[in-house]
Structures are given as C-alpha cells and as structure tokens.
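The values are calculated or read from the model by the stated rules, or taken from the named source; none is laboratory data. Because the structure is predicted, anything quoted here is derived from the model rather than measured. All Cβ positions, even for glycine, are placed from backbone atoms using ideal geometry, and neighbour counts span all protein chains on display. All accessible areas refer to the heavy atoms of the entire protein, side chains included, with ligands and DNA or RNA removed. Shrake-Rupley method; radii C 1.70, N 1.55, O 1.52, S 1.80 Å.
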Amino acid sequence: MTKTTRVLGASLGSLALTVSLAACGGDSLEKSKDGGSSSAAAPASGGAKGSLVIGAAGFTESNVLAELYAQLLKDAGYSTSIKTVNNRELYEPSLEKGEIDVVPEYAATLAEFLNAKVNGPKAPEDKPVASSDVAATVAALEKLGAPLGLKALPAGAAVDQNAFAVTNEFAEKNNLKSLSDLGKSGLKVKIAAGDECAVRPFCAPGLTKTYGIQVSGIDPKGVGTPQAKQAVKDGADQLVLTTTTDATLDSFGLVLLEDDKKLQNADNVLPVVNAKDAGAPEVAAALDRLTKTLTTADLVDLNRKVDAERAKPADVAKAYLESKGLLKK
C-alpha cells in the first residue's frame, strides 16, 4: 500500500510537501504522508461531549492510527468520525479551519512542512527546525503551529523515520548491528533507494559523513519498494533505504541497522489538534494514554496485520486497544 510521507527530506525545503517513500506495505512511505485524494468521512459514533473528526492520510499506518484515535475518543465520550484526505497540503489547512479536529502526525515532517509554509519553501533546507532531538523538534513544531491554531500534543516513543536494512546473512557474516558497525567494517555498499539518495543529507552523503560508510553507488529502485528490497535480498545491492515501521522486512530476509549516531530526524508519532475545537484537556488525556503505550514495534505489527493478513484497520485498532487495557468499555 502506498503512502505519501515525508521520507527523503524532513530537512529539505519544499520536499517536505512532495516527497514519496515507503513503509507500510513496502511502497512509498513518503507518499501517503504528503499526497493523494480525499474520501468521505466514516459514520459518526455517538458521544455526549461533542463531535470530533479525525483525519487519516490514506496509507495503512495513518488509517490504523486514525482508528486508534477515534476509538479512544469515542470511549472518552465523544462522537467520532474519520475523514481521509491523502494530501497534507489539503488536510493541514482543514485542520486549521476546524473541518478536521485531530490528525496523527510525525514530528519532524510536520515541523518542516510548517517551516516551509510559514518561512518559504527553502526554509527547511536553509534553516531547518527539525533534528534528531525529538524535544527540540516538537518545540519547533509547537511554535510554528500555535499561530495557525494548531496544538501539537506530546510525542511518544513510536517513530516512523528513514532506516537502512541489510540481509540477515550479510549482517551476521560481518557482525553488523548498527550503521557505525558498517562504517567500521570498511565494506563498500551499493544502496537501493531513490536516485535522490546521492545528494540527500540523510542518505548517501550523511552515511559517509556521519558513519564513514563507503557508498559505491545508488540503485534507483525507490524507497522501500519491493524491487529495492528484492535487489538487496538477491545480492545486487547491499543496503536498502526504507523506514523503521516497514512490516515487510522479514519476508525479504532483511534486518534494520541501528541509526546509533542519529542521522535521521525525529519523526515520532504525535497527535496534532485544532486548538479551538479539540484543545480540551480531556482530548489530550485520552490520546496521551495511547501515545505513552505505542511503540515502533507495535506500529510494525499493526501495519503487518493490515497489509499481510488483510485485517481491517478498525478491527486491528480495537484489538490493540483492548490488549493494552486502553478501553474502558
């Protein structure tokens, strides 16, 4: 399943608006976090505290997160519905206007999106506000969002960001667990990624500068696509650019290498709300229970259940919330 996310460049200007990448089903992660179409809202479910519209960006992970938010808020006494608007350029203004009340977001990506919107398309490149420091990134997001009527709620440990994977065999043979290990090994690697990898600071240049990794070339098969992962599995390439919540790595015999020096920006998951319509403490409290519970591994598992097992996002969300004791009813 395709998703418009932010992959290649939360730190790269207007790319925060347009770039595509893959995480959920091995397709482009960046895609769903930033572009697509809208669909009608799901039916509302009753509640005494008022109605809230939760936005979803149309890719698996966002759909599941929206269901988690909707079910938690319904449990807290709100009437909830879900509206899918795949393009961030559309759903972010809808959030400002109060047409959408709550959206699951990614700290660094949204921070740079708003940076470009407020300070110009080159701002994320010339004067980025996102970094690997999640607290600083969220603080920058809060500062940019507040004048627009947006309120960023606390971020949790779950993170969906760029990541690099090798085959299990390659990792075991060369005793690799982290990107630092790969750099110290002196091995030359060809990267399966988008062709932008050659110039993007989070990709080849960053791997060389931060980790000393010797990049022999870029195989332009896309970010986290099945073709890119297959190329690494077959040995044509040694490293693939994907995301931390890619649920298909096991099926290709791949394993992520730890970004131990934090090259990537902090794309931790967090709720963003319309401050006027959904800024009540009760909303924050309900969502914070999930934020404090959800992990990156949980996201991988939730994505897998939808993409590989063909379960419905609503059913997957309900089972997860019940398993964690997050629903009162």
Answer from ALA123, ALA146, ALA116 - the residue that is at negative phi and under 19 Å from the mean Cα position of the chain (by Cα) | ALA116
For SER14, are the conditions met, namely being at pLDDT below 95, surrounded by fewer than 20 Cβ atoms within 10 Å (Cβ to Cβ) and closer than 27 Å to LEU263 by Cα?
-> yes
Any residue at all in region 313-329 that is in contact with a helix residue (DSSP H, G or I) (Cβ under 7 Å, 6 or more places away or on another chain), surrounded by fewer than 16 Cβ atoms within 10 Å (Cβ to Cβ), closer than 17 Å to GLU61 by Cβ and not β-branched (Val, Ile, Thr)?
-> yes
Kindly establish whether LYS262 is open to solvent by 20 Å² or more (accessible area, probe 1.4 Å), closer than 30 Å to LEU95 by Cβ and either out of contact with any Asp or Glu (no Cβ under 6 Å at 6 or more places or on another chain) or in a strand (DSSP E or B) (or both).
-> yes
Would you point out which residue out of SER94, SER131 is at negative phi, buried (at least 18 other Cβ atoms within 10 Å of the Cβ) and assigned to a loop (DSSP other than H, G, I, E, B)?
-> SER131
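Quick one: which residue in LEU239, LEU294 is open to solvent by less than 70 Å² (accessible area, probe 1.4 Å), more than 20 Å from the chain's Cα centre (by Cα) and in contact (Cβ under 8 Å) with a residue 60 or more places away in the chain?
Numbers: LEU294 fails: more than 20 Å from the chain's Cα centre (by Cα).
LEU239 is the lone residue from the list that is open to solvent by less than 70 Å² (accessible area, probe 1.4 Å), more than 20 Å from the chain's Cα centre (by Cα) and in contact (Cβ under 8 Å) with a residue 60 or more places away in the chain.
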Has region 278-291 got at least one residue that is touching a residue at least 12 places away in the same chain (Cβ under 8 Å), under 30 Å from ASN175 (Cβ atoms), part of a loop (DSSP other than H, G, I, E, B) and out of contact with any helix residue (DSSP H, G or I) (no Cβ under 6 Å at 6 or more places or on another chain)?
-> no
Reported set for region 134-176 where residues are open to solvent by 70 Å² or more (accessible area, probe 1.4 Å) and either under 16 Å from VAL272 (Cβ atoms) or in contact (Cβ under 8 Å) with a residue 24 or more places away in the chain (or both) is GLU142, LYS143, PRO147, LYS151, PRO154, ALA157, GLU169
